[in-house]
Amino acid sequence: MMKETKKCIIVDDEPAAHYVLANYIKQNPQLELVFQGYNGVEAMDYLRENKVDLMFLDINMPEISGMELLKIIPTHPKTILTTAYSEFALESYDYGVIDYLLKPIYFPRFLKAIDRFFATENVKSREEEVINSVSVKVDGYFMDIELDQLLFAQSFGNYVKLYTLKRIYLASITTAEFEKCLPEKNFMRIHKSYIVALDKIEESEKDFVVIKNEKLPVGITYRRELTERLKNKDHI
């Protein structure tokens, strides 16, 4: 029986690598190549708008490396790393990487990685992935923000102020980008400038909510949804 076709993308800054991988993918009827990106930013933009099953990801890319991309997007697809260096292999398995291919990539080794991908697909859990933290860049370094510590996020130009139980962080990420990293069942945008943790809301009125003595505005377009979600989850 033919396996279901899986959508895959290539993210690599080297055109030669694209040529090799695209050729290999074309020879495998179980795979459909739907996008080719040459840097991490292009990949982020595509993944925010499209569902992908498998990503071939180069580690060494300018601006955003492959490992940084995996940290930024916690809900990334299954990933096979492509690299000329093997020292990142151990760290990569902390981010759901199922295999890595050393360049130059040979077709038999490519097929072995694809078999491993389909094996994981066959046994993967049907339960929703639990996201416990989000990695953001603060003062030039990536750090993990524990989501159970996050109270709310406030837009600050091309940055976001993250208010947690311990302190405030200024993260180099837009509000829209940060919102896509958060699990929808736990967080909600209540205003063009604010995203809140629903279970941290202490008081809710028509025009505002209160979290740790901070009064946050509720935009008119978000009022009905917020009321329904608080009612359904019995947060107040």
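Please treat every number below as a calculation from the coordinates, not as lab data. Here the structure is a predicted model, which means the values were calculated and not measured. All Cβ positions, glycine included, derive from the backbone under ideal geometry; neighbour counts span all protein chains shown.
Kindly identify the chain as rounded, prolate or oblate by the Cα gyration tensor criterion: order the square roots of the eigenvalues as a ≥ b ≥ c, call it rounded if a/c is under 1.5, otherwise compare a/b with b/c, prolate if a/b is larger, else oblate. Prolate, since a/c reaches 1.5 and a/b exceeds b/c. Dividing the helix sum by the residues of the chain, where each DSSP H run of 4 or more adds -39500 (n - 2.57), gives a mean residue ellipticity at 222 nm of -8500 deg cm²/dmol. Placing unit charges on the Cβ atoms only, positive for Lys and Arg and negative for Asp and Glu, gives region 151-236 a dipole magnitude near 120 debye about its Cα centre.
With a ≥ b ≥ c the root eigenvalues of the C-alpha gyration tensor of region 6-123, is it rounded (a/c under 1.5), prolate (a/b larger than b/c) or oblate? The shape class here is rounded. Model label sites at F107 and N213, defined 7 Å from Cα along the beta-carbon direction, differ in position by 6.9 nm.
Mean separation of Cα pairs under 8 Å and 6 or more residues apart, divided by the residue count, gives region 6-123 a relative contact order of 22 percent. So, counting K/R as plus one and D/E as minus one, what does the shell of residues with Cβ under 9 Å around A17 add up to? Around A17, the charge tally is -3. For region 154-195 versus region 16-54, the spacing of their alpha-carbon centroids is 29 Å. Since only L182, L165, Y194 are under comparison, the one whose Cα sits farthest along the positive direction of the charge dipole of region 149-201, derived from C-beta charges on Lys, Arg, Asp and Glu, is L165. Residue farthest toward the positive end of the dipole of the chain, with Cβ of Lys/Arg at +1 and Asp/Glu at -1: which of V210, Q154, Y24? Looking along the dipole axis, the top candidate is V210. In this Cβ point-charge picture (+1 for Lys and Arg, -1 for Asp and Glu), the chain has a dipole of about 480 debye about its Cα centre. Among the listed pairs K185/K212; K71/K166; K103/K185; K78/K231; K51/K103; K137/K231, those with a Cα-Cα distance over 31 Å are K103/K185; K78/K231; K137/K231. Mind checking the angle between helix 107-123 and the chain's longest principal axis? C-alpha axes, 0 to 90 degrees, to the nearest 10. Tilt relative to the chain: about 40 degrees.
Around the amide H of F208, modelled in the peptide plane, lie the amide H atoms of V218, all under 5 Å away and 5 or more residues distant in sequence or on another chain. Look at the Cα gyration tensor of region 133-233: its axes a ≥ b ≥ c give a/c of at least 1.5 with a/b over b/c, and that counts as prolate.
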